[in-house]
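No value in this document is a laboratory result; all are computed from the given coordinates. In this text the structure is predicted, and so the values were computed from the model without any measurement. Quick reminder, even Gly has a Cβ in these numbers, built from the backbone with ideal geometry, and neighbours come from all protein chains shown.
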Amino acid sequence: MTERVRKLREVSCTTQPYISAERALLVTEAYRTMGFHSAPVMRALVFKYVMEHKTVCISPGELIVGERGPAPRATPTYPEICCHSLEDLTILDTRPKIPYAVSDEVRKHYTETIIPYWKGRTIREKIFAEMTPSWHDAYAAGIFTEFMEQRAPGHTVLDDKIYHRGMMDFIREIDLQLEHLDYYKDSLAYSKQEELRGMRIAAEAMIRFAERHALALDREASQCTNPQRHGELAHLAAICRRVPAHAPQTFHEALQAYWFMHLGVVTELNPWDSFNPGRLDQHLLPFYQAETAKGTLTDEHARELLECLWVKFNNQPAPPKVGVTAAESATYTDFANINSGGMRPDGSDGVNAVTYLVLDVIDDMRLVQPSSNIQLSRKNPDAFLKRALRIVRKGWGQPSIFNADVVVEEMLRQGKSIEDARCGGTSGCVETGAFGKESYILTGYLNFPKIFEVTLHNGVDPRSGKSIGLRTGDPRSFRSFGELLQAYRTQLRHFVDIKIRGNNVIERIYAQYVPTPFLSILIDDCIRNGRDYSDGGARYNTNYIQGVGIGTLADCFSAVRTHVFETHAVDMDELMRTMEQNFEGNERLHQLMLNRTPRYGNDDDRADDLMREGFEMFYEAVNGRPNTKQGVYRIQMLPTTCHVYFGSVTGATPDGRLSGVPVSEGISPVQGADRTGPTAVLRSAAKMDHARTGGTLLNQKFTPDLLAGEEGIEDLTRLVRSYFTMGGHHIQFNVIDAATLRAAQQHPEQHRDLIVRVAGYSDYFCDLGKTLQDEIIARTEHHSW
Amino acid sequence: MTAQSTFPDPRQRYGSSVHNHTPSVTGTIFDVMRFAVNDGPGIRTTVFLKGCLLSCWWCHNPEGLHRGIEVAYRVDRCILCGECVDACPHRALALEETRVVRDEAQCVLCGSCADACYTEAQERIGRDISVRDLLQEILKDRVFYDESGGGVTFSGGEPLLQFDFLLAALLACKEQEVHTAVETSGLTSTEHLDRIRAATDLFLFDVKLVDEERHKRFTGVSNTRILENLRFLASAGAAVVVRLPLIPGVNDDDANIDALAELLAGLETIREVHLLPYHAGASAKYRSLGMRARMADARPLPRERVEAIARSLSARGYTVQIGG
């Protein structure tokens, strides 16, 4: 790491994130003054206003310029989507974990300007007003969450188009489409006209934004007495005059062009899950090759430039949430997840020289943002996997490892072209998508164990006493396990129906009120279709529901089938009463359920087949159902941190899980239930048909001693390859010992640097809530001796 | 993985001297450990067979010593519910204030207590299993063996004590193209060793002490037969790795190391030595079995000493590995 990067990283890591009211004020001002326009033009004008007026920040020494807020770690807000109340701001300012400082000035702006304008007008309020009572009941009970209640539709990853074309080229394409609109035969011609006009305004706004940086760099240069920095500033100004108006010509320009695109997307709105460059190693390779051949770029300089970009990601804490959740789960990370390796569009090995540079950068920087992963194909060399595993072994959770061959298989199954599939990858935590060509929307997590609990209570949520489900019968009257499964299937469908109805309304709200013309420029085929990214303009349009707690569900099924219907060790009535008492007073029954139940994660078909049953029911309930964008709903199996929340709303379950304890995360077994070692876990997890999902998440925790030496790397290499041979989608490793984690819990001040893999992303251990910390400690540690 | 419904006759490939090894042969094992990475090449499954003729002071698998099924009691798991006491048909158990005590004179090791114990405080050590069922367990991790060049290792106890079972299991594995290793104390009949040879890809052969008197003292038996068997395997050209557990104060002295080197110098086919430094990891097992760990107070050898021994053997031309 160069001294320059060290300083930039230091500022990025030590500056307390804080709320900036700048964007909110500019957006409010724009809405107040812009008059009456179609939604895409209105949104484009708002974007233009923000890009023309937001503070331009040039930090000392940096080689990539531009911030989302007015300065590093300044975090803008998006009041048109959700408007923070004064109480929210107080919580953000004072909560012990993941605080965002809120100045008196910001509070004043919120009090006087922002809240008075937006109260009653936000997308969040529109959404809640439109949802049915049954949706509200299920949402309040913790059956599901809703991604878009305070963040815009997301999962947007870029392909290679911006490295071949500049904004001027996009404007020419837009103009061509405008010229060819057929107002006689195409009933949507006017809508397309407005969308395309919006895109054109947004493209111009982006060019203007870069020009403002060039001017600021000129000013800096004119005052700079250090000749080296003077030269850099002049060079940066020239770069900002070329990109993104024109296609980049150098490695440096390519990185700056991407960063401007990134800032455009995350300033226009606050899309889940941020935004990322996708296959950066492949996109950069032509620039790298050309310049290293000419001798104008060394590996050291390429690495420094990449590291300057890495700092930029880390400078942007995630926009904080509003409402009750502000006090609960939170993270500064915004889930940008950079892919390396995989395949080239022609299907050949995609690992190249830049791949290894990127891995060096990941290793060197150790930042929670951006997150990183490798796309591992059977065509990739072991050297690539081993290089990644040597970083994994250091124990801060990155990079995670994906099965590129299965990721492609998933996309082919969804009907994508093979080239589009190979250019895709994974983003956010583990989510599969065709980069640059797909709107793939996560709609929310679905709480399997809670649905099972409601099933056991004949449609009633025992926590509230409210009837939120269907009357599927009192389980005490069931004569077979099959009847219970059928009842669960009925409840599951009921809640999936409620969720999908809600989302089909929510996505229309976004399409009609807050389209995203800038993002639409970047995603094929929005320009050609004259349609917005949020309105079905993309080539592929997929909505996902994320299933959570499959391990807990399988163990619940297994516990009831084994002990109630097979051995008759307990009857349903006694089991229900004991669960209501949270197993208190009947420790023996509790131990029976915990220890004598075949549990998922031990390569035991008795339990694993029930996992598959739960998976199939979810798949049947969701897969293929239409969304409003000519696309369909599909399933994913990932929790982020939602398994903690879902556990907190779910009472004791038949598998012996106590009330309030987190449910299982991803497709991992219940914490502590896997007692047969890592190969058994992988075998169990591979019994799920990953190819029919849009991503699964498997967490494995290893203590460092298991991975010591070259033998440890070799063993891990073979474990990963074996899991992928069996069709697994993703695996990630926490390499840490419990003693270290406990020490960090006791003395957080001494362990601020400790990064752990949470669930699809890494975070600072000391920033996590106590429950999540405890869970990470409890996750099974695999010892081979 | 599909279950094997047919069981081809392995005699076709592994010699006609083989007989009486049907898949229904049963043996007694006390563990099947998956993801074993220290018992031979690659990712392996290690099957631990019960029963051993040696009584090494440092034994770290005391549950492998006795041939029959035993019951272990782990007081830290006990919730003092008393169900095991009620379940015992021989009235061998009594509930005390902080633990359950067993009257060894009354207990016939029937395991009823373990069946009744839901917390696994009373735990049956050992189970009878047929070769057919064991093979199904072993084959579960076949994808890992294939990927890593791993396979199965039979350990113990002394696996050759259950010769018929071991032979049948080895043949069944070979029939499925699974790499096989046998970890042995060497105290067995030469004929048995000879007969498992064709189905054993690798022998992990323990040589604890070369001096016979010291061997008797620390393991309870003479090493004459053991060393004869080592010479036999070497002369027969079997793939053998010599494993030397390094026990502080017992066999870590230069004299023993020199004697081992001298012994191996005459056995040209054996070029690989694994050093297994002693660790005190088995003390909880001894407690749960009501046994006394004779080396409970021993400290592991310093890393430098282990490395010095490794260097001294390497210098004599052996490939040395620390750990399995």
Each residue of B:138-149 has, on average, a number of other protein chain C-beta atoms within 10 Å of its C-beta equal to 5
With +1 at each Lys and Arg Cβ and -1 at each Asp and Glu Cβ, the charge dipole magnitude of chain B around its Cα centre, to the nearest 20 debye, comes out at 120 debye
So for the stretch A:210-250, using the alpha carbon gyration tensor with a ≥ b ≥ c as root eigenvalues (a/c under 1.5 gives rounded; past that, a/b versus b/c decides prolate or oblate), I'd call it oblate
Between the residues A:691, A:50, A:425, the Cα farthest towards the positive end of the dipole of the protein assembly as shown, that dipole coming from +1 and -1 charges on the beta-carbon of Lys, Arg, Asp and Glu, is from A:50
In whole Hz, the Karplus estimates of ³J(HN,Hα) for the stretch B:45-60 (6.51, -1.76, 1.60; θ = phi - 60°; x where Gly or Pro) are 10, 9, 9, 9, 9, 8, x, 8, 8, 8, 9, 5, 4, 9, 2, 9
Ordering B:82-95, B:114-127, A:71-84 by per-residue average of other C-beta atoms within 10 angstrom, highest first, gives A:71-84, B:114-127, B:82-95
Output ordering of B:273-279, B:164-170 (per-residue mean of other Cβ within 10 Å, highest first) is B:164-170, B:273-279
Sorted on mean Cβ neighbours within 10 Å (highest first), peptides B:23-35, A:522-534, B:193-205 come out as A:522-534, B:193-205, B:23-35
note: chain A, Cα-Cα separations exceeding 47 Å make up a percent value of 17 percent
Restricting to Cα pairs under 8 Å and 6 or more apart, the percent relative contact order of chain A works out to 14 percent
Partner shielding of A:708-720, as the mean number of partner chain Cβ atoms within 10 Å, equals 3
For the table A:126/A:321; A:161/A:386; A:48/A:108; A:97/A:701; A:7/A:394; B:50/B:174, the rows whose alpha-carbon distance is greater than 28 Å are A:161/A:386
Chymotrypsin sites (Phe, Trp or Tyr not before Pro) in the stretch A:139-207 lying in a DSSP loop, each with at most 12 other Cβ atoms within 10 Å of its Cβ, come to A:183, A:184
Of the residues A:569, A:592, A:554, the Cα lying farthest along the dipole of the stretch A:554-645 towards its positive end, which is defined by charges on the beta carbon of Lys, Arg, Asp and Glu, belongs to A:554
The long-range amide H neighbours of residue B:179, using H built 1.01 Å from N in the peptide plane and a cut-off of under 5 Å, are B:152
In debye to the nearest 20, the charge dipole size for the stretch A:514-583, taken about the Cα centre with +1 at each Lys and Arg Cβ and -1 at each Asp and Glu Cβ, equals 420 debye
For residue A:185, the aspartates and glutamates lying under 20 Å Cα to Cα, once residues fewer than eight places off in the same chain are dropped, come out as A:175, A:194, A:195
The stretch B:70-125: Kirkwood hydrodynamic radius (Cα pairs, Å) comes out at 10.8 Å
Chain A: antiparallel bridges as % of DSSP beta bridges, rounded to 5, reads 30 percent
Given unit charges at Cβ for Lys, Arg (+) and Asp, Glu (-), the dipole magnitude of the stretch B:70-125 about its Cα centre in debye, nearest 20, is 40 debye
Note to self, chain A gives a 222 nm [θ] from helices alone (DSSP H runs n ≥ 4, -39500 (n - 2.57) apiece, / all residues, nearest 500) of -15000 deg cm²/dmol
Averaged over the residues of B:116-123, the number of partner chain Cβ atoms within 10 Å of each residue's own Cβ comes to 4
For residue A:201, the net charge from surrounding residues (Cβ-Cβ under 14 Å; K, R +1; D, E -1) works out to -2
Inter-part gap, Cα centre of the stretch A:1-18 to Cα centre of the stretch B:271-324, in whole angstrom, is 47 Å
For the stretch A:124-212 the GluC sites (Glu not before Pro) that pass both the DSSP coil test and the at-most-16 other-Cβ-within-10 Å test are none
Taking chain B and counting helices only, DSSP H stretches of n ≥ 4 at -39,500 (n - 2.57) each over all residues, the nearest-500 ellipticity at 222 nm comes to -8500 deg cm²/dmol
Reduced to Cα centres, the span from the stretch A:682-746 to the stretch A:357-436 in Å works out to 14 Å
The summed charge of the residue A:38 Cβ neighbourhood (under 12 Å; Lys/Arg +1, Asp/Glu -1) stands at 0
If unit charges are put on Cβ atoms (+1 for Lys and Arg, -1 for Asp and Glu) and the dipole of the protein assembly as shown is taken about its Cα centre, the option from B:245, A:449, A:122 lying farthest towards the positive end turns out to be A:122
Once phi for every residue in the stretch A:340-346 is put through the Karplus expression 6.51 cos²θ - 1.76 cosθ + 1.60 (θ = phi - 60°), the whole-Hz ³J(HN,Hα) values, with Gly and Pro written as x, are 10, x, x, 10, 7, x, 8
